[in-house]
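Okay, structure first, notes after.
The values are calculated or read from the model by the stated rules, or taken from the named source; none is laboratory data. Predicted model, so just to flag it, every value in this text is computed and none were measured. Virtual Cβ from ideal backbone geometry, glycine too; neighbours counted across all protein chains shown. Ligands, DNA and RNA are excluded from the accessible area calculation, which covers all protein heavy atoms including side chains. Shrake-Rupley method; radii C 1.70, N 1.55, O 1.52, S 1.80 Å.
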Amino acid sequence: MALTPDDYRTAFEHAPVGLVLSRNRLMLDCNQQLLEMFGASKEQVIGQSFEILYPTHDEFERTGQRIVASLDASGWYADERVMKRVDGPHRGQLFWCHVSGRALDPKQPHAAGVWSFEDLSSRRQLKAELTAREREIAALLIDGLTSKLIGKRLGISPRTVDVYRARLMRKYAASTTPDLVHKLLSA
């Protein structure tokens, strides 16, 4: 028995994670799970830039650069980052989100893609007020990257990463990097 286009549409709409089809960093289509996660309507997101889902313009730009630099040979990318709710009772609320996806042409990472979004807020809360750069570094520390690798990925010096790590350690009352990562994950 062959699947019909309606079967594929049903799978897309009822997936257990938020899904987005994109072209040139614009959202062309999304499912209901994504709309619920971000507290938005289709009219608020379809045709819009992914930028509306980010806490700041700089984070949107830097994440785009990081995706281009980090795609594997098949065009896959995944990370955990802080995103922003668009509307509804939690409008503007920041939350941890696991994002993974695939550029359909790895040579043109933003030309067209399929992206999934999973809200991690039930497992990981933002307890401290963090700057955009602190959020980026926290996410990369969680991924297990060293100061040197974080610096290379973000285009900053390892010493600058260490300064931000120290700030994070103070904010989370952590005495070591593993302690900080544990507190970030359990926050």
How high is the relative contact order of the chain, in percent, with contacts defined as C-alpha pairs under 8 Å that are six or more residues apart? 17
Treating only the Cβ of Lys, Arg, Asp and Glu as charged (+1, +1, -1, -1), what charge dipole size does the stretch 1-97 show about its Cα centre? Round to the nearest 20 debye. 180
With the radius of gyration and the Kirkwood radius both derived from the Cα set of the chain, what is their ratio Rg to Rh? 0.99
Please give the Cα centre distance for the stretch 80-95 versus the stretch 107-158, rounded to the nearest Å. 16
Integer Hz, Karplus 6.51/-1.76/1.60 couplings in order for the stretch 27-32, x for Gly and Pro: 7, 8, 7, 8, 9, 5
Solvent accessible area, Å² - Val68, 1.4 Å probe, full protein context: 70
Put a dot 7 Å past each Cα toward the Cβ at Gln48 and Ala69; how far apart are the dots in nm? 2.8
Hey, can you find the accessible area per residue of the chain for me, probe 1.4 Å, expressed in square angstrom? 53
Which shape class applies to the stretch 1-54: rounded if a/c is under 1.5, otherwise prolate when a/b exceeds b/c and oblate if not, where a ≥ b ≥ c are the square roots of the Cα gyration tensor eigenvalues? prolate
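Of all the accessible heavy-atom surface of the stretch 48-187, with the other protein chains kept in place and a 1.4 Å probe, what percent is carbon and sulfur?
Details: 3640 of 7010 Å².
Percent of accessible area from carbon and sulfur atoms in the stretch 48-187: 52.
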At a probe radius of 1.4 Å, what is the per-residue accessible area of Ser74, in Å² to the nearest 10? 50
Among Val86, Leu180, Asn24, whose Cα projects farthest towards the positive end of the dipole of the chain, with charges put on the beta-carbon of Lys, Arg (+1) and Asp, Glu (-1)? Leu180
Place a point 7 Å from the Cα of Ala15 in the direction of its beta carbon; the residues of the stretch 26-45 whose amide N falls under 16 Å from it are 26-38
Identify, among Ala166, Leu104, Leu53, the residue whose Cα sits farthest towards the positive end of the charge dipole of the chain, taking +1 on the Cβ of Lys and Arg and -1 on the Cβ of Asp and Glu, with the dipole about the Cα centre. Ala166
Efficiency by 1/(1 + (r/R0)^6): what FRET value for Leu3 and Ala132, r their Cβ-Cβ distance, R0 = 41 Å, to the nearest 0.05? 0.45
Taking the Cα centre of the chain as origin, sum charge times position over the Cβ atoms of Lys and Arg (+1) and Asp and Glu (-1), and report the length of that vector in debye to the nearest 20. 880
Give me the Å³ per residue figure for the convex hull around the C-alpha atoms of the stretch 98-143. 104
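Just to make sure I understand: if all protein chains stay in place, what is the order of Thr10, Thr160 by accessible area at 1.4 Å, largest first? Intermediate results must be reported in sequence, preceding the final value.
On the way: Thr10 75, Thr160 50 Å².
Accessible-area ranking of Thr10, Thr160, largest first: Thr10, Thr160.
Which value, in debye to the nearest 20, describes the size of the charge dipole of the stretch 105-185 about its Cα centre when Lys and Arg Cβ atoms bear +1, Asp and Glu Cβ atoms bear -1, and nothing else is charged? Please list the in-between numbers first.
Details: 15 positive and 9 negative charges, 69 e Å.
So the magnitude is around 340 debye.
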With every protein chain in place, the accessible area of Ser175 for a 1.4 Å probe, in Å² rounded to the nearest 10, comes to 90
